[in-house]
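Okay, so here's the structure we're looking at.
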Amino acid sequence: MAENVGNVLVISDLHCGCQVGLCPPQISLDSGGVWKHGPTQRAIWGFWRHFWDVWVPNATRGEPFAVVVNGDAMDGAHHGSKTQITQNFADQEKIAYEVLSPIMDACQGRMRMIRGTEAHVGQCAENEERLARRLGAIPDELGNHSSYDLWLEVGHGLAHFTHHIGTTSRVAYETSALMGEFAEMLTDAGLNQRRPPDVVVRSHRHRHVEVRKPSANVYGIVFTTASWQARTPYVWKVARVGDPQIGGSLIRCGDEELYTRHFTRFLPRSGAVSFKGD
């Protein structure tokens, strides 16, 4: 059984293989060519390095931590899009491996991977499973190195992870699906006399928001994670307002409760221009 630690880092929606997803500064491709950062990927990579090199050691106080990759590690060839660095899935897996293998070393093998959206990671998440196996992510009870959901003990608390949750393009309704998800989890636990989660984690939206409700364990918490991908043409169509957020999250076990901290950053918006007369 994997070690139970009191710090769990959550990252999701890396979309490695996308021109505006997470990628090392330079990567060689199957053709022998080389892909190098543009301005957007360079900014995202800078946030990534600051997250792991500065924010994580401070937030965890230098203590051991585990990592949950909560889906969509790769971009795939989705929705008829043309925004991939390459649609060769072996290349996309290589990019994701180069991104995540140092993190596997940093967490000393305490990594678990959640399966994301089939449009991105293949039917039955076959591409994500292949990546998870290559990385050596901790297998589930079936021997798979990725899974659709995860119940994880964090110190004396319990957290539940899965990738998907309902989305909205309206800021006013961002928390509605979170409260609905939390209520369903608590109802299911009550009806089936199971231990309820203290923290519920979802991704998919590329935007972080958190809701807390008072409980016998101080608080029940549900949040969605930020992403590591800038806005794509598909996102411009479905969510024109509300920029994707870049970042990751920490679940930490204190003396009495689980609590969370979040690293959230924003890319610059389009610059203002004016029409000037002669």
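The values are calculated or read from the model by the stated rules, or taken from the named source; none is laboratory data. Only a predicted model underlies this, so the values are computations on that prediction, with no experimental measurement involved. With ideal geometry, Cβ positions are generated from the backbone for all residues, glycine too; neighbour counts draw on all protein chains shown. Ligands, DNA and RNA are stripped out before the accessible areas are found, and what is left, the full protein with its side chains, is counted by its heavy atoms. Shrake-Rupley method; radii C 1.70, N 1.55, O 1.52, S 1.80 Å.
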> Quick one: putting +1 on the C-beta of Lys and Arg, -1 on the C-beta of Asp and Glu, what dipole do you get for segment 139-278 around its Cα centre, in Debye to the nearest 20?
Replying inline: 820
> Taking a probe of 1.4 angstrom, what is the accessible area of THR40 in Å², to the nearest 10?
Replying inline: 60
> Across the chain, how large is the tail of the calculated P(r) beyond 25 Å, expressed as a percent of all Cα pairs?
Replying inline: 45
> Which of ALA90, ALA226, ALA125 moves most in a GNM of the chain, Cα contacts under 10 Å?
Replying inline: ALA90
>> Using only Cα atoms and rounding to the nearest 10 degrees, what angle (0 to 90) does helix 126-135 make with the longest principal axis of the chain?
In response: 80
>> Suppose the chain between TYR148 and SER274 were pulled fully straight at 0.36 nm per residue; how much longer would it get relative to their current alpha carbon spacing?
In response: 40.5 nm
>> Spelling out what I want: for every residue of segment 39-54, take phi, set θ = phi - 60°, compute 6.51 cos²θ - 1.76 cosθ + 1.60 (Karplus), and round to whole Hz; glycine and proline get x.
In response: x, 5, 5, 5, 5, 5, 5, x, 5, 4, 5, 5, 4, 7, 7, 10
> When only Cα pairs under 8 Å and 6 or more residues apart are kept, what is the percent relative contact order across the chain?
Replying inline: 22
>> Just to be sure I understand: with springs between alpha-carbon atoms less than 10 Å apart, which residue in GLY122, GLY155, GLY143 has the highest mean-square fluctuation in the Gaussian network model of the chain?
In response: GLY143
>> Running a GNM on the chain with Cα contacts under 10 Å, which residue among HIS120, HIS79, HIS204 ends up with the highest mean-square fluctuation?
In response: HIS79
> Considering only DSSP states other than H, G, I, E and B, which trypsin sites (Lys or Arg not before Pro) in segment 126-177 qualify as loop sites with at most 15 other Cβ atoms within 10 Å?
Replying inline: ARG170
> Looking at segment 137-244, which GluC sites (Glu not before Pro) are DSSP coil and have at most 14 other C-beta atoms within 10 Å of their C-beta?
Replying inline: GLU141
>> Among GLN26, GLY122, PHE47, whose Cα projects farthest towards the positive end of the dipole of segment 1-128, with charges put on the beta-carbon of Lys, Arg (+1) and Asp, Glu (-1)?
In response: PHE47
> How many lysine pairs does the chain hold where the Cα atoms are under 29 Å apart and the two sit 8 or more places apart or on different chains?
Replying inline: 5
> Once you charge only the Cβ atoms, +1 for Lys and Arg and -1 for Asp and Glu, what is the size of the charge dipole of the chain about its Cα centre, to the nearest 20 debye?
Replying inline: 940
> If you plug each phi of segment 21-38 into the Karplus form 6.51 cos²θ - 1.76 cosθ + 1.60 with θ = phi - 60°, what whole-Hz ³J(HN,Hα) values come out, in order, with x for Gly and Pro?
Replying inline: x, 6, 7, x, x, 8, 9, 8, 10, 4, 6, x, x, 10, 9, 10, 4, x
> If you build the Cα gyration tensor of segment 65-216 and take the root of 5 times each eigenvalue, what three semi-axes come out, in whole angstrom, biggest first?
Replying inline: 28, 20, 13
> Treating the beta-carbon of each Lys and Arg as +1 and of each Asp and Glu as -1, no other charges, what is the dipole magnitude of segment 42-95 about its Cα centre, to the nearest 20 debye?
Replying inline: 180
>> If you consider only alpha-carbon coordinates, what radius of gyration and Dmax does segment 25-68 have, in Å?
In response: 14.8, 43
> In what order, largest first, do TRP151, TRP228 sit by accessible area if the probe radius is 1.4 Å?
Replying inline: TRP151, TRP228
> Which whole-number percentage describes the relative contact order of segment 1-156, with Cα contacts under 8 Å and a sequence gap of 6 or more?
Replying inline: 28
> Can you give the angle from 0 to 90° between the axis of helix 89-106 and the longest principal axis of the chain, with both taken from C-alpha atoms, to the nearest 10?
Replying inline: 50
> Which is farthest toward the positive dipole end of segment 143-278 among ILE251, PHE223, PRO196, measuring Cα position about the Cα centre, with Cβ charges +1 (Lys, Arg) and -1 (Asp, Glu)?
Replying inline: PHE223
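Taking R0 as 45 Å, what's the FRET efficiency between GLU256 and SER31 from their Cβ-Cβ distance, rounded to 0.05?
0.20
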